[in-house]
Amino acid sequence: MAERRTVLSVVGTRPNMMKIAPIAAELGRRGDEFEHVLVHTGQHYDREMSQIFLEELGVGEPDYLLNVGSGSHAQQTAAVMERLEPVLLEAEPHVVVVPGDVNSTLAAALAAAKLLIPIAHVEAGLRSFDRTMPEEINRLVADQLSQLLFIHSPEARDNLLAEGCAEADIYDVGNTMIDSLVAMSDRIRDARAPEAHGLLRGEYLVVTLHRPALVDGPLLADAVGQLAAISKTLPVVFPVHPRTRAALDSLRIDVSVERLRLIDPVGYVEFLSLVAGSAGVLTDSGGIQEETTYLGLPCFTLRANTERPITVSQGTNTLLGLDPARIAEVPELLAEAGERERQVPTLWDGHAARRIVDVLSRTLGSQPVDQLDVAG
Ligand code: UD1
Ligand code: UDP
């Protein structure tokens, strides 16, 4: 029997877990061929931002927990690199899998590239063309350093080719975040979160906001004011990200409005049960733009741009822009949303992880770094 290949995946934040869980499961099913090592950087560390997802999605405990915690961009990136390097030297993986666009993604890609370990980027090629977003820097660098570029949207290929990436390195495999949604669909359906929260199905709005452009400045108070106003006709449930909670606390924003419910972040099953039962979602999240497109639910994105344009052109997403005044239009836009044609993008079908592991099986040699060209 051929020697097993070691795949090391790096997660750090909430959305990384949904993207890696199906890959971890598929590698586990093919345990005769692969050994999977899971590293959690600890960028997110509150139970409801981290552990709950590993449990719900069946990923289990990470093999290594780096405990980097919060910090400035440079501090966080440097801490991941410093703590990951000895792990990579010990585990000697044939490939390092990095999902998404967070600081842990960038740091892991840099650490692996310097050790000449091949990198697979899951969710490659997304671009907002806005370098004021930290995620855009992380995407650009991670893609340049990766030998396997796993995309889930056709414009990602164009973006990568325009930046000089090789066509042969790009694999259109579908969306692993949607794999998680498909795998968990029965549990999500059975969760009955709207009832548990005393909400009437189809008659409330789910809100999430956490981007620095919106929450780390004066726009947050305006947004909360607008949400309070629309909650009189459309109740709002808003699981608040810790960054946003800190900003609300420091601004002492009054959030005591009866039908505007600010709650702690909730687990994956509860969150998607809330989303699935809602009239629609207002968000600045990346992943939620995709999940709502898959579910066929209206999504209003409070951002100036999106790195996920397919959710607007084919899906259910409407880009509102960054001005919180536009929140006032949401009830009316919701009333029109049902008339819109929509299509789930190709290969968002629950089988992306299998395609990824098939590619790993074909491309990884039997010795670390002996087949994929890391020379660039
Ligand atoms: C990070 C990602 C962002 C992603 C988001 C997903 C970067 C640059 N940003 O943003 O792309 O959309 O995760 O949720 O990587 N905090 C806690 N508990 C936690 C985690 C964070 O209290 O478990 C607080 C801390 O005050 C911290 C702040 O949230 O300073 C921000 O955390 P950080 O990981 O730096 O960025 P996010 O805003 O979470
Ligand atoms: N999510 C969750 N609980 C919440 C908010 C979001 O489980 O309270 C899930 C959501 O369904 C999606 C992921 O977290 O799978 C998105 O994470 P986030 O919005 O933090 O990050 P982004 O996608 O913007 O990077």
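The values are calculated or read from the model by the stated rules, or taken from the named source; none is laboratory data. Predicted model, so just to flag it, every value in this text is computed and none were measured. With ideal geometry, Cβ positions are generated from the backbone for all residues, glycine too; neighbour counts draw on all protein chains shown. When the accessible area is computed, the model is the full protein with side chains, heavy atoms only, and any ligands, DNA or RNA have been set aside. Shrake-Rupley method; radii C 1.70, N 1.55, O 1.52, S 1.80 Å.
I want the local charge near V266. Using Cβ-Cβ distances under 15 Å, sum +1 for each Lys or Arg and -1 for each Asp or Glu among the other residues.
Summing Lys/Arg as +1 and Asp/Glu as -1 gives -2.
Taking a probe of 1.4 Å, how large is the accessible area per residue of the range 106-265, in Å²?
42
Once Rh for the chain is found with the Kirkwood sum over Cα pairs, what is the Stokes-Einstein diffusion coefficient at 25 °C and 0.890 mPa s, in µm²/s?
117
If you take the beta carbon distance between T233 and E90 as r and set R0 to 45 Å, what does 1/(1 + (r/R0)^6) give as a FRET efficiency, to the nearest 0.05?
That gives a FRET efficiency of 0.20.
Tell me the mean residue ellipticity at 222 nm calculated for the chain from its helices only (DSSP H runs of n ≥ 4, each -39500 (n - 2.57), averaged over every residue, nearest 500).
After summing the helix terms and dividing by the residues of the chain, the value is -12500 deg cm²/dmol.
Looking at the range 112-261, what % of its DSSP beta bridges pair antiparallel, to the nearest 5?
In the range 112-261, DSSP labels about 10 percent of beta bridges as antiparallel.
What is the angle, in °, between the Cα long axis of helix 352-363 and the longest principal axis of the Cα atoms in the chain? Nearest 10 is fine, range 0 to 90.
Long axis of 352-363 versus the principal axis of the chain: about 20 degrees.
Within the set of other residues whose C-beta is less than 13 Å from the C-beta of A276, count the net charge using Lys and Arg as +1 and Asp and Glu as -1.
Here the count lands on -1.
Between S70 and E336, what length comes free when the chain is fully extended (0.36 nm per residue of separation minus the Cα-Cα distance, one decimal in nm)?
Using 0.36 nm per residue and subtracting the Cα-Cα distance, I get 91.6 nm.
If you roll a 1.4 angstrom probe over the protein chains with everything in place, what fraction of the accessible area of the chain belongs to carbon and sulfur, to the nearest %?
In the chain, the share of accessible area belonging to carbon and sulfur is 51 percent.
Among residues other than L364 whose Cβ falls under 11 Å from its Cβ, what is the net charge (Lys/Arg +1, Asp/Glu -1)?
Neighbourhood net charge equals 0.
Using the crude model of +1 on Lys and Arg Cβ and -1 on Asp and Glu Cβ, and no other charge, please compute the dipole size for the chain relative to its Cα centre, in debye to 20.
Here the size comes out at about 520 debye.
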